[in-house]
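One structure below.
The values are calculated or read from the model by the stated rules, or taken from the named source; none is laboratory data. Quantities reported herein were computed from a predicted structural model and do not represent experimental measurements. Glycine also receives a Cβ, built like all others from the backbone with ideal geometry; neighbour counts cover every protein chain displayed. Calculation scope for accessible area: heavy atoms of the full protein, side chains included, ligands and nucleic acids excluded. Shrake-Rupley method; radii C 1.70, N 1.55, O 1.52, S 1.80 Å.
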Amino acid sequence: MKLNIKDRFNKQLPADKDRNNTRRQVKEACFSFVHPLVPSNPSLLHVSEEMLQEIGLSKEDANTKDFLEIFSGSRVMENSDPYAMCYGGHQFGHWAGQLGDGRAINLAEVEHNNKTWALQLKGAGPTPYSRSADGFAVLRSSIREHLCSEAMFHLGVPTTRSLSLMLSGDQVLRDMMYDGNAAYEKGAIVCRVAPSFIRFGNFEILSARKDHANLKLLADYSIKNHFPEIRPEGKSSYIQFFKSVAQRSLKMVIHWQRVGFVHGVMNTDNLSILGLTIDYGPYGWLEPYDPDWTPNTTDRTNKRYRFGQQPSVVLWNLYQLANALYPLVEKIAPFEEILNEYKEEFSNQFVQMMHDKLGLEKKEKQGIQLIESLLENLSLAETDYIIFFRRLANIKKTDDAKNALSLVKEAFYNVNENLNKNENEGEWTSWFEGYLERLKLEDRTDELRKEAMNKVNPKYVLRNYMSQLAIDAADQGDYSIIEELHNLLKAPYAEQVDMEKWFVKRPEWARTKVGCSMLSCSS
Ligand code: AMP
Ligand code: MG
């Protein structure tokens with residue numbers, strides 16, 4: 001097995017001088033060197049063939065002892081110097097000081113086909129940033145991260161990727177619901193892959209410590225290695241950098257709203273400067289459309305990170321990044337301009353995205369009214385977000401409202417509740433009348449509109465209960481559902497008629513089950 005190691009982060013940025021793996025505040029450095037802890041009996045559960053290829057490995061490589069050793073953290077590769085990054089962050093709206101890679105260890109950066117990938121083990125043991133936690137990860141959360149990052153990529157959502165999923169062979173103690181019922185669970189290690197894992201929080205920690213020299217080094221490093229389109233021209237390059245981060249983050253969150261993904265913990269330490277979805281923790285997928293839904297039990301009271309609020313939270317986080325970068329620019333106006341642009345652009349892009357979901361090419365005033373009233377109707381009674389839009393594509397311009405409504409009926413969790421209540425049926429009929437009216441203005445044929453809609457409205461997403469089925473089976477040593485879902489979600493927009501058992505509403509048993517409707521940060 002041969003990887004083309006081309007380390008940059010740990011070569012070009014200042015390292016913590018202390019090489020001991022003790023928990024501490026790390027000042028005047030961007031990272032600390034640290035080795036993964038050797039697991040007692042690692043085994044490979046699943047590997048992404050695509051990611052193998054991306055980093056220059058073959059299918060056969062994945063079956064070697066080398067692969068097992070390196071991606072379980074048992075052995076450090078020659079010519080590599082693993083490290084954990086130093087970052088801080090605002091958690092749930094409050095500055096939390098130093099956080100850092102408490103259970104992530106970057107093995108190396110590798111170059112293949114002109115792309116550079118950072119390989120990072122999650123759950124490979126403690127680091128100087130582990131604070132009071134253990135540095136490990138459990139099987140359930142590792143399956144969720146491994147499957148979801150690959151699923152998101154195939155949905156067209158910018159994301160970190162996942163190469164491999166291993167069992168460590170060690171037991172990890174977790175109090176899953178923080179209710180005093182701690183239990184041992186199987187430990188696991190995922191190898192995450194991304195061009196970079198730099199977060200908003202990497203800048204925030206340096207800025208908070210008034211370490212402006214290293215703040216500048218990190219900004220220059222990021223621009224040089226990850227934003228090659230920006231010319232390194234002093235202060236203006238930092239403004240452009242911020243603008244690009246804002247644009248990428250906006251693009252990412254619009255995709256989340258399109259596919260119904262709820263991140264769950266959008267703290268500034270969990271936002272990537274590359275606009276990649278990062279840190280799959282207590283995330284969830286909208287099943288009944290509900291802008292107030294959050295899967296994260298830790299956020300149950302304030303629902304700061306609920307579905308409908310995600311775009312505003314990205315903006316809030318961008319304000320924190322702007323504050324962090326301010327010392328490099330020393331002017332407020334350019335940041336404010338970009339933040340204001342975000343607000344305007346959000347409206348434009350959201351409206352465009354909803355037009356695409358509805359199959360509307362033309363921009364008529366009615367379009368916005370239709371979107372607003374649709375979102376109200378979707379909230380009338382439980383209506384499945386994915387099934388609704390997928391079914392909507394089957395409507396023909398010649399249908400009448402009643403017909404059209406019957407085509408999406410399958411999306412209603414309780415048809416009686418949704419349609420037998422007269423006012424709901426009335427709301428829906430009048431919405432479909434408006435939609436059909438509006439479709440008549442469209443030039444595309446029904447067939448072409450359907451084709452276009454099915455490219456933005458996925459048929460298959462990683463519904464919360466689907467992960468749970470994979471987790472429950474894996475806990476018993478059956479990894480076949482992981483494989484099945486991994487394959488299914490490689491083509492989320494395709495019909496895959498033999499896979500329709502996954503194109504169904506959340507089953508009733510999953511409504512209140514832990515892991516399906518609610519998740520804690522304990523992972
Ligand atoms: P999160 O909100 O899950 O992304 O994590 C917030 C911070 O806690 C980060 O600095 C993580 O590295 C750290 N962290 C989370 N879980 C663990 C763990 N089991 N061991 C060590 N650090 C952890
Ligand atoms: Mg995190």
Legend entry - Residues of region 112-160 classified as open to solvent by 10 Å² or more (accessible area, probe 1.4 Å), away from ligand 1 (no atom under 16 Å from the Cβ) and part of a strand (DSSP E or B), total: 4
Inset, instruction - Look at region 173-194 and say how many of its residues are touching a residue at least 40 places away in the same chain (Cβ under 8 Å) and either over 20 Å from Trp117 (Cβ atoms) or surrounded by fewer than 18 Cβ atoms within 10 Å (Cβ to Cβ) (or both). - result: 9
Inset, instruction - Kindly indicate whether any position in region 83-99 is surrounded by 15 or more Cβ atoms within 10 Å (Cβ to Cβ), in the same structural domain as Ser149 (by TED's automatic domain parsing) and under 15 Å from Leu3 (Cα atoms). - result: no
Inset, instruction - Being part of a strand (DSSP E or B), among the small types (Gly, Ala, Ser) and over 17 Å from the mean Cα position of the chain (by Cα) is the filter here, so list the residues in region 165-199 that pass it. - result: Ser168, Gly169, Ala183, Gly187, Ala188
Legend entry - Where Ser379 falls short, out of the listed (1) over 26 Å from the mean Cα position of the chain (by Cα); (2) under 25 Å from Val461 (Cα atoms); (3) modelled with pLDDT under 95: (1)
Legend entry - Single residue of Val313, Val265 found to be part of a helix (DSSP H, G or I), closer than 30 Å to His146 by Cα and within 16 Å of ligand 2 (Cβ to nearest atom): Val313
Legend entry - Subset of region 246-292 [touching a Lys or Arg at 6+ places or on another chain (Cβ under 6 Å) and more than 16 Å from ligand 1 (Cβ to nearest atom)]: Gly275, Trp285, Glu287, Asp292
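For region 214-254, give me each residue that is of a type outside the set (A, V, I, L, M), in a loop (DSSP other than H, G, I, E, B) and on the phi < 0 side of the Ramachandran plot. Break it down stepwise before answering.
Step one: of region 214-254, the residues of a type outside the set (A, V, I, L, M) are 214, 216, 220-222, 224-229, 231-238, 240-244, 247-249, 251.
Checking the rest, the ones that are also in a loop (DSSP other than H, G, I, E, B) come to 227-229, 231-234.
Within region 214-254, Phe227, Pro228, Glu229, Arg231, Pro232, Glu233 meet the criteria.
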Inset, instruction - Among the residues of region 340-382, write down those that are closer than 18 Å to Pro291 by Cα and acidic (Asp, Glu). - result: Glu372, Glu376, Glu382
Inset, instruction - Mind checking which helices (runs of 4 or more DSSP H) fall wholly inside region 340-418 and carry at least 2 residues that are surrounded by fewer than 14 Cβ atoms within 10 Å (Cβ to Cβ)? - result: 365-378, 401-408
Inset, instruction - Return yes or no: is Arg449 more than 23 Å from the chain's Cα centre (by Cα), open to solvent by less than 10 Å² (accessible area, probe 1.4 Å) and not assigned by TED's automatic domain parsing to the domain that holds Gly367? - result: yes
